[in-house]
Amino acid sequence: MFTYWAGGTGLGKSEERRQVQRAALIDAAEAAIVGRGLAGLRAREIAAAAGCALGAIYNLVADMDELTLLVGSRTLARLDIALAGAESSGPPDGTDAAASRLVAIAIAYCRFARDNLNLWRALFEHRMTEGRPVPAWAIEEHMRLFAHVAPPLRALAPSLDATELALLSRTLFAAVHGVVLLGVEQKTVAVPQEALEQQIGQLVRLFCLGLRQS
């Protein structure tokens, strides 16, 4: 029995074709979320946009939960790049530099949410089908966001142990996320859009000041 290899990919032709179809399906799902949010994620329409039969979806992904998580994986990868760029933009040493990096990271997060609103929302709005846990790989990808926050926090509070640092990273992330969420959704209690970045920066600076004084 012979295996046919597609030029330089290391995959047989049938597997390469499957990977191309899978990528097209994720593209279609991503476009649907960009256009209409999670409510726009309809299997029949996505299949048509991807150029495959409705039943073929489930030869490419396990279910719509997995498809949503795969779109989220792409979003998280782009967010990771945006936060990494902000993290490396400031001076490298000292507590003032650490605070400046945290402010830059928080503002980059705000801008990413604003510029990718429906994809960003989907990261937090999606709920798995009842009885199904979130896969470990998806949890790990979300947890990587805290890796941008932890190093500058450690510079500000070097006495923290690993558990305390992890908890503090989540707390700061949650605080910024909440302000961003209200701001981009333009809720009645939200900071006005034109002041949002300034107020996020102020929030993070006050947080850092409290750490230095504690």
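Here, each number is a calculation from the coordinates, and none is a lab measurement. What you see is a predicted model; the values in this text were computed from it and never measured. Methodologically, a virtual Cβ is constructed for each residue, glycine included, from the backbone with ideal geometry; neighbour enumeration extends over all protein chains shown.
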Rounded to the nearest 0.05, what FRET efficiency do ASP80 and ALA53 give with R0 = 30 Å and r taken as the Cβ-Cβ distance? Could you check? 0.30
Span-like helices, the chain: DSSP H, alpha-carbon axial extent 24 Å or more, mean Kyte-Doolittle 0.0 or greater, which ones? 64-87, 95-115, 162-185, 196-213
Cα lying deepest toward the dipole's positive end in the chain, options PHE207, GLY51, SER88, charges on Cβ: GLY51
Zone of ALA43 (label point 7 Å along Cα→Cβ, backbone N under 14 Å): which residues in region 56-87? 56-68
Kindly provide the Kirkwood hydrodynamic radius of region 115-167 in Å, to one decimal, from all pairs of distinct alpha carbon atoms. 13.5 Å
Quotient of Cα radius of gyration and Kirkwood radius for region 158-214, i.e. Rg/Rh, equals 1.07
Would you mind getting the Kirkwood hydrodynamic radius of region 63-213 from its Cα pairs, rounded to one decimal in Å? 16.2 Å
Go ahead and collect, in residue order, the members of region 100-142 whose backbone nitrogen is under 11 Å from a label point 7 Å along the Cα-Cβ direction of SER89. 101-112
Picking from ALA99, ALA29, ALA162, which is most flexible by a Gaussian network model of the chain using Cα springs under 10 Å? ALA162
Packing-based exposure ordering (other Cβ within 10 Å, fewest first) of SER73, SER100, SER89, SER214: SER214, SER89, SER73, SER100
